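The values are calculated or read from the model by the stated rules, or taken from the named source; none is laboratory data. Here the structure is a predicted model, which is why all the values come from computation and not from measurement. Neighbour counts run over all protein chains shown; Cβ positions are idealised from the backbone, glycine included.
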Amino acid sequence: MIPIIIAITRKKFNFLFFMESFIPIRNHLPFINLSLALFIIMINYKNNTPFLSPTMNKTTLSPILISSAILMISLLITGCAGEDVEKSCSDGIKNQDETDVDCGGSCDPCTDGKACETDDDCVNKCSSNNKCYTPTKTSSTTPTPTRRTEQKEAELTEEIITKIENKLEPNLMNAFAISEGFRTMEAGDSYTFGFGLINVHTKPFYFKINVEFEEAVDKSSNKLEGIDPEYVNDWLDQRQFVSEIAPSEQKMWPLNLKVGDEVADGTPTKPGTYTYYVRVYYGDDASLVESIKDQYVSKKTLTIRVT
């Protein structure tokens, strides 16, 4: 709070009025009060009258003395306020409007990992979890090296886009869609699926779609034995997609799947139902979604029946 002292001579009012204001002029307050003090002296000198009227005090006070007192009080208050603010940003305590200890708010911006409320509280960015972080850039897709199965280049056809758009809706339940979740194929067959996603949040986020083989069963729903998950994962041309998506923006990706000849070293592909889990993660930064292991916002299945 910044005190502003207003003094009015006897011709106007016979009192000294003190008030507080939120005007952010702390650094200029001494000069303002010095000007007021000089103004008081000039007015009283011109009128040749004491500063306080006889009705308030029978003793005539010197205008210079009163003005000097006003200036000294102002300087004292201003100096104390400045010391408090400076001290609060280096006292090892979270106080005043700081978002973390000695940073944020009116203090210096916080470094990564510190608490924040807005980007202004951070050296870089403030996440939705109210932690400062440094954004990183990433490519829109993360290719998976294919070691055992040759893949053709995947592309979004008009048919795939139409299938996705018919399923996508701007709500949490249907903000993520797969062009089709089931297909019957044979060893050596190749087919392109599509993923679509809408950011239904009010701010941009990085989204990660992760595709991973889960299980394989025979026609009697018994688990197929002797299957190496990495061999079945290699049926996919990509297993991960990462992109930054703006609010209400829609993004689509193609995924090519080719059924390999083997499900393990020396083990031919067995007839059965092979299921992949498709999980969607999101965060403020690509590095954040990369670090998430168990938490996801959506999960769907992609099922291939191999005959």
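Among the residues of segment 179-190, is there at least one that is at positive phi and assigned by TED's automatic domain parsing to the domain that holds Asp265?
Yes; the residues of segment 179-190 include at least one that is at positive phi and assigned by TED's automatic domain parsing to the domain that holds Asp265.
Going by the conditions given, is Asp265 assigned by TED's automatic domain parsing to the domain that holds Asn171, touching a Lys or Arg at 6+ places or on another chain (Cβ under 6 Å) and at pLDDT 90 or above?
Judged against the criteria, Asp265 is not a match.
Please specify each residue of segment 221-239 satisfying the condition of being surrounded by fewer than 17 Cβ atoms within 10 Å (Cβ to Cβ) and assigned to a strand (DSSP E or B).
The answer is Lys223, and nothing else.
Out of Ile227, Ile209, Ile304, Ile245, I need the residue that is farther than 29 Å from Glu158 by Cβ and aliphatic (A, V, I, L, M). Which one?
Ile227
So which of Tyr191, Tyr206 ends up being among the hydroxyl-bearing types (Ser, Thr, Tyr), in a strand (DSSP E or B) and crowded, with 19+ Cβ neighbours inside 10 Å?
Unique residue meeting the criteria: Tyr206.
Sort out which residues of segment 101-137 are touching a strand residue (DSSP E or B) at 6+ places or on another chain (Cβ under 6 Å), buried (at least 21 other Cβ atoms within 10 Å of the Cβ) and either of a type in the set (Val, Ile, Thr) or more than 11 Å from Asp284 (Cβ to Cβ) (or both), and write them in order of number.
Correct list: Cys103, Gly104, Cys110, Lys114, Cys116, Asp121, Cys122.
The conditions are (1) at pLDDT below 95; (2) not in a helix (DSSP H, G or I), and Ala216 fails exactly one of them. Which is it?
(1)
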